[in-house]
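Reading through the structure tokens given below for one structure.
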Amino acid sequence: MSTAGEQGGLGKYIVVYLCMLAVTGIEVAIAGSNPGGAHLLPIMLILAFAGALLGVLFFMGLAAEKRSLILFVAVFTLFVMATINYGWTDSFRVLMGVPYAK
Amino acid sequence: MSHPDVALGGHHAPAMEPSPFAIPAIKLAMWLFIISDIMTFAACLVAYGFLRNATPNWPRPYHSSTIISVLVMTVILVTSSLIMLMAVRAARAGDRANAFRWTMVTLALGILFAILHVREWFGMIGQGVTLSTNPWGTGLFGGAYFSVTGMELLHVIAALIALLIIGLGYKSGRYGAAHVENCNLFWQFINIVWMFVVPLVYLMDIAS
């Protein structure tokens with residue numbers, strides 16, 4: 001948390017807190033009204049990223065850090081997230097019962 | 001300047017490399033740890049998703065009681081995150097009493113979260129879910145469920161120990177505000193991971 005962030009009140013953090021709770025509430029409402037829905041995964045992922053972004057930027061104080069640190073964390077994390085998701089594709093191969101790529 | 005000169009300072013001022021990203025080394029170390037932990041959790045969640053996607057008839061065992069419990073756990077964890085921020089603010093202001101108080105409130109909420117988490121586990125075990133078996137016949141479900149939620153619980157327990165040590169250490173003057181801030185980073189990270197565990201593990205598999 002930056003020094004600048006401390007000079008203000010807690011108002012900003014309470015708004016972020018309420019937003020994070022609201023994100024979870026929206027997730028539950030969507031998942032509860034449409035259990036096992038076809039497009040549930042991307043919706044849940046988008047909402048989870050939104051909540052996580054709020055947490056990282058404000059509760060972890062990344063928004064108040066130097067731009068170079070923000071870039072370092074963002075590039076590193078997004079690269080890992082993007083590349084690790086490459087593994088998903090293989091689950092479809094397993095599901096279809098195809099032992100090896102042809 | 002030779003290496004010994006750098007090490008000993010030579011006849012000049014000590015050679016000091018500026019802090020990367022203009023943050024203290026202790027904070028940079030925590031960010032690097034968190035980034036590496038992101039890889040661990042990402043691997044765990046992707047493995048969970050892989051198994052879920054590749055397994056026909058993946059069970060959807062979570063009823064409203066579980067979802068309500070998970071919601072309560074989320075409220076507790078997010079509230080504890082806000083309170084931990086108050087501890088950091090107090091620590092940076094040099095208010096040791098308040099920083100300690102808020103750290104202990106965070107600790108108490110974390111313990112409550114862990115208790116509810118374990119209760120959730122016992123509920124699943126009570127339904128017959130183990131690492132290798134479950135009543136729905138999809139053998140991989142238990143292992144996947146316990147590994148993802150267990151990883152989260154393990155981090156919560158580690159953070160609780162850290163909160164206790166740092167809280168007491170800060171109160172006694174052994175640790176400074178930077179340590180409280182670092183502890184806050186780790187606690188917030190756990191909260192953020194939970195924001196992914198809830199939808200991907202629980203909400204995706206609500207019983208219809």
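The values are calculated or read from the model by the stated rules, or taken from the named source; none is laboratory data. Quick caveat, the model's predicted, so the values are computed rather than measured. Heads up, the Cβs are rebuilt from the backbone with ideal geometry, glycines too, and the neighbour counts pull from every protein chain shown. These accessible areas exclude ligands, DNA and RNA; they are computed on the full protein's heavy atoms, side chains included. Shrake-Rupley method; radii C 1.70, N 1.55, O 1.52, S 1.80 Å.
Filtering the stretch A:42-57 for residues that are within 8 Å of another protein chain (Cβ to nearest Cβ) and surrounded by fewer than 18 Cβ atoms within 10 Å (Cβ to Cβ) leaves a non-empty set. The single condition among (1) within 14 Å of another protein chain (Cβ to nearest Cβ); (2) in a helix (DSSP H, G or I) that B:Ser208 does not satisfy is (2). Is it the case that A:Ala64 is of a type outside the set (D, E, K, R), in contact (Cβ under 8 Å) with a residue 60 or more places away in the chain, open to solvent by less than 70 Å² (accessible area, probe 1.4 Å) and more than 9 Å from every other protein chain (Cβ to nearest Cβ)? Here the answer is yes, as A:Ala64 does meet what is asked. Among the residues examined, B:Val201 qualifies as more than 9 Å from chain A (Cβ to nearest Cβ), touching a Phe, Trp or Tyr at 6+ places or on another chain (Cβ under 8 Å), under 30 Å from B:Ser132 (Cα atoms) and touching a residue at least 60 places away in the same chain (Cβ under 8 Å). Within the stretch A:10-27, the set of residues being of a type in the set (Val, Ile, Thr), at the interface with chain B (Cβ under 9 Å from one of its Cβ atoms) and open to solvent by 30 Å² or more (accessible area, probe 1.4 Å) comprises just one member, A:Ile14. When the criteria are applied in full, B:Ala87 meets the requirement of being over 29 Å from A:Val94 (Cβ atoms) and either modelled with pLDDT under 95 or not acidic (Asp, Glu) (or both).
Residue by residue, here is whether (1) under 25 Å from A:Leu62 (Cβ atoms); (2) open to solvent by 30 Å² or more (accessible area, probe 1.4 Å); (3) of a type in the set (A, V, I, L, M); (4) more than 15 Å from the chain's Cα centre (by Cα) holds:
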| position | (1), (2), (3), (4) |
| --- | --- |
| B:Ile76 | yes, no, yes, no |
| B:Val105 | yes, yes, yes, yes |
| B:Arg119 | no, yes, no, yes |
| B:Ile125 | no, yes, yes, yes |
| B:Leu131 | no, yes, yes, yes |
| B:Trp136 | no, yes, no, yes |
| B:Gly142 | no, no, no, yes |
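Looking at B:Asn182, B:Asn191, just one residue is open to solvent by 10 Å² or more (accessible area, probe 1.4 Å), part of a helix (DSSP H, G or I), within 14 Å of chain A (Cβ to nearest Cβ) and closer than 24 Å to A:Leu62 by Cα, and that residue is B:Asn182.
What is the residue count in the stretch B:78-89 for residues that are among the hydrophobic types (A, V, I, L, M, F, W, C) and open to solvent by less than 10 Å² (accessible area, probe 1.4 Å)?
Residues that pass the stated criteria total 5.
Just one residue in the set A:Val75, A:Val94, A:Val80 is touching a helix residue (DSSP H, G or I) at 6+ places or on another chain (Cβ under 8 Å) and within 30 Å of B:Met84 (Cα to Cα); that residue is A:Val80.
Listed by first and then second residue, the pairs with beta-carbon distance under 6 Å, at least 6 apart or on different chains, first residue in the stretch B:29-55 and of a type outside the set (Ser, Thr, Tyr), second open to solvent by 50 Å² or more (accessible area, probe 1.4 Å) and in a helix (DSSP H, G or I), are B:Ile35/A:Phe76; B:Leu51/B:Leu140; B:Ala54/A:Val94; B:Ala54/A:Leu95. Selection of the stretch B:21-50 for residues being open to solvent by 50 Å² or more (accessible area, probe 1.4 Å), over 13 Å from A:Ile84 (Cβ atoms) and within 8 Å of chain A (Cβ to nearest Cβ) yields B:Phe21, B:Ala22.
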